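To start, the structure under review is shown below, and the notes come after it.
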Amino acid sequence: MTNHSTAAICRTLRIGRATPYRSTHGRSEQYAKADDPVVAAQIREIIRQRGSYGYRRVTAMVNRAFDTGYNRKRIRRVMEMNDWNLPQPGRRRSGRAHTGRIVRGNSNERWCSDTLQIPCWNGELVELGFILDCHDREAIAHVAVPRKYRASDVQELLETAVARRFRASQPVESVQFLSDNGSIYTALDTVCTAERLGLVPVTTPAYSPQSNGMSEAFVNTLRRDYLAGADRSTAASVLDQVPNWIGDYNGVAPHSALGYRAPVEYRQLLQDSQATSVAGPKERTVRS
């Protein structure tokens, strides 16, 4: 129109070469793909059973269930189009700095523990105690009782956890056992049981729940993903459901820190990689 090249005009006006080609209408907020209805149907199958999951965990579950390779941006877009995304929770900050790290680099270096009270609709109370590994996040052991927790319940918890992780033997290296300062954890019998089993009891500072943040996060997970829609009519009904909750958390539920794998799947991958690394040098020796 001006008999001048676009490049010359852009240099004169001192604008980028891409500017003349931009649309004046702007980009629409949402775009759609032809197979979005299929993706939406797959998402619907997951969130019908797991309504507390956000788009990241939904992505992991959809890809696992339907053998797909969707990225989380696509799942988030489809969930936004159908108004399925969860509201963003507001976080309360105490202002207290916590510079310590609860997470460990390998399994069986540190375990953490806490208890959760579950009120039933008929007035009964169930208390659930658990032990988590601070690396692979697996709920190693749990004990649920239809009453207040006692030190003897924690001792049973410790013995069950050691038996499951180390069979009949004790750990080769000491394992830290992290808990709060509750009387059930600081009782002499509990401390003696922990030391007899090869564990080193470690307690958090007073009024510092963030120091046992992994246990606190597990409590929130139980409340959000399992207790919210559970049958809590009686203590007996809750006790019947607890093993299924723990089994689902360990074997099915994806965890962001584990690459959106379940703890059992993550531990299996670790064991396979360790077995491969041990077998590798032997194979090279035989070939030589």
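The values are calculated or read from the model by the stated rules, or taken from the named source; none is laboratory data. Since we're looking at a predicted model, the values are computed, not measured. Ideal geometry is used to build each Cβ from the backbone, glycine not excepted, and the neighbour counts take in all protein chains shown. The accessibility values were calculated without ligands, DNA or RNA, using every heavy atom of the protein model including side chains. Shrake-Rupley method; radii C 1.70, N 1.55, O 1.52, S 1.80 Å.
Scan region 227-259 for residues that are crowded, with 19+ Cβ neighbours inside 10 Å and not in a helix (DSSP H, G or I) and the total you get is 3.
Among the residues of region 17-60, the ones that are at pLDDT 90 or above and more than 31 Å from the chain's Cα centre (by Cα) come to 0 in all. Can you confirm whether ALA8 is out of contact with any His (no Cβ under 7 Å at 6 or more places or on another chain) and touching a residue at least 40 places away in the same chain (Cβ under 8 Å)? Answer is no for this residue. Listed by first and then second residue, the pairs with beta-carbon distance under 6 Å, at least 6 apart or on different chains, first residue in region 179-195 and in contact (Cβ under 8 Å) with a residue 60 or more places away in the chain, second polar (S, T, N, Q) and assigned to a loop (DSSP other than H, G, I, E, B), are ASP180/THR204. Of all residues in region 104-127, those satisfying the criterion of being touching a helix residue (DSSP H, G or I) at 6+ places or on another chain (Cβ under 6 Å) and hydrophobic (A, V, I, L, M, F, W, C) are CYS112, LEU116, ILE118, CYS120, VAL126. GLN117 passes every criterion in (1) in contact with a strand residue (DSSP E or B) (Cβ under 6 Å, 6 or more places away or on another chain); (2) surrounded by 15 or more Cβ atoms within 10 Å (Cβ to Cβ); (3) farther than 19 Å from GLN268 by Cα apart from (2). Evaluating ALA262 against the criteria (1) touching a helix residue (DSSP H, G or I) at 6+ places or on another chain (Cβ under 6 Å); (2) open to solvent by 50 Å² or more (accessible area, probe 1.4 Å) leaves one unmet condition, (2).
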